[in-house]
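Here's the structure we're looking at; comments come further down.
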Amino acid sequence: MRKPKAAHPRMSHLACGCKFLTHRPLFWLAATALLLAGGCGSEDVDENRPLRVQVFTGAYSSMPVHVAVEKGFFQQQGLEVARLPANSSSAAIAALIGGSMDVVESAPDLVLANIDKGIDLKYLVGNESTNYVTLVVGNHVPLSEHGRDGIVRQLAGRRIGVNAIGSTVYLAAVLMLEEAGLAVEDVDFVATGSAATTLSSWQTGAVDAQMTFAPVPELLETLGLARPALVLADDGPPALQYRGLYAGWVANGELIGNQPARADAFIAAMRDAIDWIREPLNHAEMLELARRYAPVAALSEAQNKQVMDRMVRNYRRYWGYRISPAAIDLWNAYALRFNLIGERIPFADVVYAKAPTCTGTCQ
């Protein structure tokens, strides 16, 4: 088993004893958030305290937690949960490391980067089993070529929106450009932020295409501003499809080592929640929960209903709690390609021993 590094030359020690990376700044914009999130280093797990689970405010990807609360799945497992908001995965991971959260949602690139530095993090359970990112292209942009590389090449000289420069979505776009024979300099990347600010960018004509995720593709299509051109789960490069884990729920060694029963209870509740979400018979109830926890603003009532219905239906295929070694291999290759880690990290060092796993195509 890969041993945690006792010390790392790229770590710097602050006065309170916390460790922060001084290189790869992409993943460490949230260093201050770690301090504000609850102190330095992990604190002892208190089994009498509710399990503190992070959610992204208004984000559809956090719906399994809300469903597990609303449908009583946590309660059935004897687990009391407190839902705590975070604005980004980097802030969530910082809070997890700082000890103010117990379980957070993240893609593996950020998790691998932290494990590479000797921080004890592991996936408990998946959330999405494949890449939910979609490339949408403005209706004003003609596409005469088909096929992934052909579509991407036609974006040369165009403005491509991403949620943030340096994010997982941005790096995926860079990889797709490179595979199509283009360089980063051949396009103009525009950081468009949240779904609301992304919509504003499109309404003002600031972008021509967008690498994005729910509810943005549904919003732009409903408003007649853009159409889906590539769904990465289907048409993206194999290196970006990640069949077996695109994002999931992460805990630190404190919880897993000291309170494994709570970790196991969380896994069981999330499995029940995702199975419930994926059941088409629950669509109407799921739609109501989505309107409550992941609402879409600035639309007419009819448009809102159309966007939400499309989002719930389209996203159903992405949910999945099983994690595959093949997906972790792909994430290792991705992280090495972008210098996020120094060496491959074994599956057993990334995924909890009792996490639900699979081989082949996971769902």
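Observations
- Considering residues of the range 206-233 that are among the small types (Gly, Ala, Ser) and open to solvent by less than 40 Å² (accessible area, probe 1.4 Å) only, the residue nearest to the chain's Cα centre (by Cα): ALA214
- Any hit, the range 263-274, residues being over 18 Å from the mean Cα position of the chain (by Cα), closer than 24 Å to SER100 by Cα and of a type in the set (Asp, Glu): yes
- All positions within the range 48-78 that are open to solvent by 20 Å² or more (accessible area, probe 1.4 Å) and within 22 Å of ASP264 (Cβ to Cβ): ASN48, ARG49, PRO50, ARG52, VAL69, GLU70, LYS71, PHE73, GLN75, GLN76, GLN77, GLY78
- Filtering the range 95-126 to residues that are closer than 21 Å to LEU171 by Cα and outside any loop (DSSP other than H, G, I, E, B) leaves GLU105, SER106, PRO108, ASP109, LEU110, VAL111, LEU112, ALA113, ASN114, ILE115.
- The single condition among (1) surrounded by fewer than 24 Cβ atoms within 10 Å (Cβ to Cβ); (2) of a type in the set (A, V, I, L, M); (3) farther than 27 Å from ARG278 by Cα that ILE97 does not meet is (1).
- Within the range 305-354, the residues that satisfy the criterion of being out of contact with any helix residue (DSSP H, G or I) (no Cβ under 7 Å at 6 or more places or on another chain), in contact (Cβ under 8 Å) with a residue 12 or more places away in the chain and basic (Lys, Arg) are ARG313, ARG317, ARG322, ARG337.
- Yes/no for VAL250 being buried (at least 22 other Cβ atoms within 10 Å of the Cβ) and in contact with a Lys or Arg (Cβ under 6 Å, 6 or more places away or on another chain): no
- Of the residues making up the range 287-306, just one is assigned to a helix (DSSP H, G or I) and crowded, with 22+ Cβ neighbours inside 10 Å, namely ALA290.
- Put simply, of LEU255, LEU281, LEU245 the only residue that is aliphatic (A, V, I, L, M) and not in a helix (DSSP H, G or I) is LEU245.
- Check on THR192, open to solvent by 10 Å² or more (accessible area, probe 1.4 Å), among the β-branched types (Val, Ile, Thr), over 15 Å from the mean Cα position of the chain (by Cα) and closer than 18 Å to VAL136 by Cβ: no
The values are calculated or read from the model by the stated rules, or taken from the named source; none is laboratory data. For clarity, every value in this text was computed on a predicted model and none was experimentally measured. Counting neighbours? That spans all protein chains shown, and the Cβs are built from the backbone with ideal geometry, glycine included. Surface areas here come from the heavy atoms of the whole protein model, side chains and all, with no ligands, DNA or RNA. Shrake-Rupley method; radii C 1.70, N 1.55, O 1.52, S 1.80 Å.
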